[in-house]
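The values are calculated or read from the model by the stated rules, or taken from the named source; none is laboratory data. Keep in mind that what you see is a predicted model, and the values were worked out from it rather than measured. All Cβ positions, glycine included, derive from the backbone under ideal geometry; neighbour counts span all protein chains shown. Note: areas computed on protein heavy atoms with side chains; ligands, DNA, RNA excluded. Shrake-Rupley method; radii C 1.70, N 1.55, O 1.52, S 1.80 Å.
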Amino acid sequence: MKTDTKPALSNRNGALDFLKFAASVILVLHHYQQVNNVFIDNGVNFYSGHFYWGFLVELFFLLSGFCSFNAVTKILDGQLEFKKYYLQRCTRLLPLVSAAGVIYYLVNNYLYFGIMGEYYLARSTGRELILTFLGIQVSWASLEKCHLNPPMWYISSLLIGCVYLYLATKLSRKAKAKHAYVYILITMIFIAVLGDLFGIELPFYEEGARRSVIGVFLGVLLAIFLNKHTLKGIHYIIVGLMGICGAGLYLLALSDERLLLERYALSFIFFPAVIIIFNSPAVNKLFSAKIWNILGGASFDTYVLHVLCLLLLKCADRAWGLHLNFENWWLEYLTCLVIFGIGLLSYRFVEPNLKKLGEKFISLF
């Protein structure tokens, strides 16, 4: 079934890359304070403050879906089968995640335990390592939490969200539906929203998977909408007001401690408004420099490696008697800067080579 839409995105979008960069920096600061049990008296609390910065993961899900528009178009046109579609995502994500998993396993079980006298969260197991290699450590067949490089639950959940997206898109093609977005929307409601409302926790259907489905599907729906409609000045004003309403709804839910409504206010209203505004031609021009593409690309490496770096910092502090005051704001931001620098080096030198190895391995099948 041929589609009459054109791709919404170029290979790199500077404004959206800036969003990835900003979100990854904040998540590093979020986990810095979590790992070091830090509360800042005269600064921003990224972990124990009023706003739960971990919800920025929903923005990552939305951006992943938004950037999947071209893949969805190819599926609808019958040009992309499941094996190629899924393996493309695996070769993009899993080589670095797997390498970091091995290092995390060794650091947590031997170095961190040897110096600190305890494991971080829990002892890393061989089973967790194998599941990390496969990208199925959470959200898939088991409801058990994986403590090996904990932020990687996002990668596992993202992959299952991509599987659901392919199935929904393929179903609309099989049914020869004129509007594929209807099938995507219905699938998102059935899989994610109903599960959230009734608190269902089942393999392939737990909270992480539902968060991924909502974000990825909404991102695709947003890309479809923007490809069919050209927005003008008044439209962006309306979108801005929508974002303000989303922020207000979040604050209202926050005052009542309604966690699901907080997440939905961000996922369905605030973050989509942010993406629309940053995807606008005017804002995109502000981020046309190549540096934003580089920083956006390195945000994935930074996210994968940052908790491992934080554990190594704690080990160095204890082993060398540095007596670092982790509550000092300058140490917090300096650590973040160094970790992002490591992410940049990984993006430039490590990830491309790991990706090549991953492609060679997968080509055997």
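General remarks:
- Test: residue in the range 341-351 that is among the polar types (S, T, N, Q), out of contact with any Phe, Trp or Tyr (no Cβ under 8 Å at 6 or more places or on another chain), crowded, with 20+ Cβ neighbours inside 10 Å and assigned to a helix (DSSP H, G or I): yes
- Filter result for C90 (touching a residue at least 40 places away in the same chain (Cβ under 8 Å), open to solvent by 20 Å² or more (accessible area, probe 1.4 Å) and closer than 21 Å to K355 by Cα): no
- Residues in the range 326-340 that are part of a loop (DSSP other than H, G, I, E, B) and open to solvent by less than 80 Å² (accessible area, probe 1.4 Å): F326, N328.
- Set F46, F55: member being buried (at least 22 other Cβ atoms within 10 Å of the Cβ) and more than 28 Å from R173 (Cα to Cα): F46
- Meets criteria (open to solvent by 20 Å² or more (accessible area, probe 1.4 Å), under 27 Å from I339 (Cα atoms), at pLDDT 95 or above and within 18 Å of the chain's Cα centre (by Cα)) for F278: yes
- Residue check for E207: more than 22 Å from N70 (Cα to Cα), among the charged types (D, E, K, R) and open to solvent by 40 Å² or more (accessible area, probe 1.4 Å): yes
- Any chance V163 is within 15 Å of the chain's Cα centre (by Cα) and β-branched (V, I, T): no
- Residue match in the range 319-336 (condition: closer than 24 Å to V216 by Cβ and under 19 Å from the mean Cα position of the chain (by Cα)): no
- Qualifying positions in the range 196-216 - part of a helix (DSSP H, G or I) and closer than 12 Å to S139 by Cβ: E207, G208, A209, R210, R211, S212, V213
- Some residue of the range 135-151 being part of a helix (DSSP H, G or I), on the phi < 0 side of the Ramachandran plot and either surrounded by fewer than 16 Cβ atoms within 10 Å (Cβ to Cβ) or in contact with an Asp or Glu (Cβ under 8 Å, 6 or more places away or on another chain) (or both): no
- Among residues of the range 96-115 that are over 18 Å from A319 (Cα atoms), those with a Cβ under 6 angstrom from a residue that is open to solvent by 60 Å² or more (accessible area, probe 1.4 Å) and assigned to a helix (DSSP H, G or I), sequence gap 6+ or separate chain, pair up as S98/F133.
- Set L254, L241, L266, L260: member being at pLDDT below 95 and under 29 Å from A180 (Cα atoms): L260
- Hits in the range 243-267 (condition: open to solvent by 70 Å² or more (accessible area, probe 1.4 Å) and either under 27 Å from S68 (Cβ atoms) or part of a helix (DSSP H, G or I) (or both)): I244, C245, L251, L252, S255, L259
- Between Y86, Y47, Y32, the distinction of being within 30 Å of L324 (Cα to Cα) and at pLDDT 95 or above belongs to Y32 only.
- Any hit, the range 302-312, residues being more than 26 Å from Y119 (Cα to Cα), touching a helix residue (DSSP H, G or I) at 6+ places or on another chain (Cβ under 6 Å), modelled with pLDDT of 95 or more and not aliphatic (A, V, I, L, M): no
- Cβ pairs under 8 Å, 6+ apart, first in the range 72-85 and open to solvent by less than 10 Å² (accessible area, probe 1.4 Å), second assigned to a helix (DSSP H, G or I) and among the aromatic types (F, W, Y): I75/Y85; I75/Y166; Y85/Y166
- Taken together, A298, A316 contain a single residue that is farther than 30 Å from G195 by Cα, more than 22 Å from the chain's Cα centre (by Cα), open to solvent by less than 50 Å² (accessible area, probe 1.4 Å) and at pLDDT 95 or above, which is A316.
- Among the residues of the range 101-121, the ones that are in a loop (DSSP other than H, G, I, E, B) and either open to solvent by 50 Å² or more (accessible area, probe 1.4 Å) or at pLDDT below 95 (or both) come to 4 in all.
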